[in-house]
Amino acid sequence: MSTDPTGTFLALDDGRPAVRFTRVYGHPADRVWQLVTDPAELVHWFPSRLEIELRPGGTIRFSGDPNMPESTGRVLAVDALRHLSFAWGGDELRFDLEAVDDDRTRFTLTDVLEATDTAARNAAGWEVCLAALDTRAGEHEDAGPGDTVHWETYYRAYVEAGFPSGAPVPGIGTGDGSGTGSGD
């Protein structure tokens, strides 16, 4: 498995910072939709366990992430087999699906960031999570959420690529390598 960063840092049309990832999976859209909306599938790759009311305005409960307290979010939009967005903490997560053909689906994850300095940290985390999703989708065989060695490798690569950094990293401290911050 490569540890080359696959995400991009961008400013949305409204000026908000975001990190974005795109994958093409060898499955029809209904299977990919299941992978990104069914709690029984999300447990294999998403960093928290989810209980989700899959409707606009629905509640999402996040639990089980050792680096975050249990919390709730709100479903912002649902267009079955095409789009899901929800609030998670101060961020907005967007999952977009587009059929490439009958057997392949383009999946795009956009993490609209509350704070710009979380870009490198969040991008590295999504790399680890998406590697686990890739495995679940049958795209490769080795990955898993919580793989901190890969996370740190990705994090360094994103910092070196110029992604904004400096936000606290749970369990490590600040994202600048100083070892101080809320995670100590």
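Taken together, the criteria exclude HIS27 from residues that are more than 19 Å from TYR158 (Cα to Cα), in contact with a helix residue (DSSP H, G or I) (Cβ under 6 Å, 6 or more places away or on another chain) and open to solvent by 20 Å² or more (accessible area, probe 1.4 Å).
Kindly indicate the residue of the range 65-77 that is assigned to a loop (DSSP other than H, G, I, E, B) and touching a Ser or Thr at 6+ places or on another chain (Cβ under 6 Å) and also least open to solvent (accessible area, probe 1.4 Å) among those meeting that condition. It comes out as ASP65.
Of the strands (runs of 3 or more DSSP E) lying entirely inside the range 78-125, the ones with 3 or more residues being farther than 15 Å from PRO17 by Cα and touching a Lys or Arg at 6+ places or on another chain (Cβ under 6 Å) are found at 91-101. The residues on offer are THR72, THR3, THR8, and the sole one that is in contact with a His (Cβ under 7 Å, 6 or more places away or on another chain) and of a type in the set (S, T, N, Q) is THR3. Going by the structure shown, is GLU152 part of a helix (DSSP H, G or I) and open to solvent by 60 Å² or more (accessible area, probe 1.4 Å)? For GLU152, the condition - part of a helix (DSSP H, G or I) and open to solvent by 60 Å² or more (accessible area, probe 1.4 Å) - is met.
The values are calculated or read from the model by the stated rules, or taken from the named source; none is laboratory data. Note that this is a predicted model, so its numbers are computed, not measured. Note: ideal-geometry Cβ built from the backbone for every residue, glycine included; neighbour counts use all protein chains shown. Remember, those area values only see protein heavy atoms, side chains included, never the ligands or the DNA or RNA. Shrake-Rupley method; radii C 1.70, N 1.55, O 1.52, S 1.80 Å.
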